[in-house]
Amino acid sequence: GRAYSQSIVVKQDPRVKTSALAMQQVYSLSKATYDGAVAAQEAVRQAGEIRDQIAKVRSQASGPSGEALAAFDRKVEALVGAPAAGGRGRGQGSGGGRGGAPGGVSTETLTSAVAALSGVMTSLQGADVQPTTMQLNAIASARALGTRVMTRWATLRTTELAALNGTLKSAGMAAIVALDPSSRPK
């Protein structure tokens, strides 16, 4: 029932000769890419929950509501992207890059954003040195990808889901709910 405390001093490893400013840059970029990867992974999880809800009500839907559910499900599936071979389910895996892939499949997915952001974060954490120009370019590219994909996710999760729910309501069906991650117990 007692609390003990003791002060500590954290010092840089004396073998590391990287300046404090460069280390702060590494920390800031690592934190930004980590936060982006976590947000994209949370979006993958939310998308899975939405798709599970759609799967449960799809058999009850017909006509415009069935078509709207199918179309929305395809949009969510495309935005999440496929897991890498040997992945562990929705959103687990890698991918990356920009633009289109062969066959018209977009590589700008939540899954590819998680992989890109995690990859550049890992490269930053590999050594206590100032990031190279190549790393900085890769980080900027990964963060831009994350921003684009998360913007698309926000539109899908809010505006397009609201339109879908309007169609479902017209058909007398229950709404599809996208839970706000901040409302979850930690």
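Observations on the model:
- Residue in segment 162-177 that is surrounded by fewer than 14 Cβ atoms within 10 Å (Cβ to Cβ), of a type in the set (D, E, K, R) and modelled with pLDDT of 95 or more present: no
- Odd one out for ILE176 among (1) within 19 Å of ASP52 (Cα to Cα); (2) more than 21 Å from the chain's Cα centre (by Cα): (2)
- Note on segment 1-50: residues that are part of a helix (DSSP H, G or I), open to solvent by 100 Å² or more (accessible area, probe 1.4 Å) and not hydroxyl-bearing (Ser, Thr, Tyr) amount to 1.
- Unmet criterion (only one of (1) at pLDDT below 95; (2) within 11 Å of the chain's Cα centre (by Cα)) for VAL114: (1)
- In segment 124-147, the residue that is modelled with the highest pLDDT out of those that are within 13 Å of LYS31 (Cα to Cα) and open to solvent by less than 70 Å² (accessible area, probe 1.4 Å) is ILE139.
- Filter result for LYS75 (over 16 Å from THR158 (Cα atoms), assigned to a helix (DSSP H, G or I) and either at pLDDT 80 or above or hydrophobic (A, V, I, L, M, F, W, C) (or both)): no
- Pick from segment 51-72, criterion polar (S, T, N, Q) and farther than 21 Å from TRP153 by Cβ, ranking: least open to solvent (accessible area, probe 1.4 Å): SER65
The values are calculated or read from the model by the stated rules, or taken from the named source; none is laboratory data. Keep in mind the model is a prediction, meaning the values are calculated, not measured. For neighbour counting, all protein chains shown are included, and Cβ atoms are generated from backbone atoms with ideal geometry for every residue, glycine included. Ligands, DNA and RNA are excluded from the accessible area calculation, which covers all protein heavy atoms including side chains. Shrake-Rupley method; radii C 1.70, N 1.55, O 1.52, S 1.80 Å.
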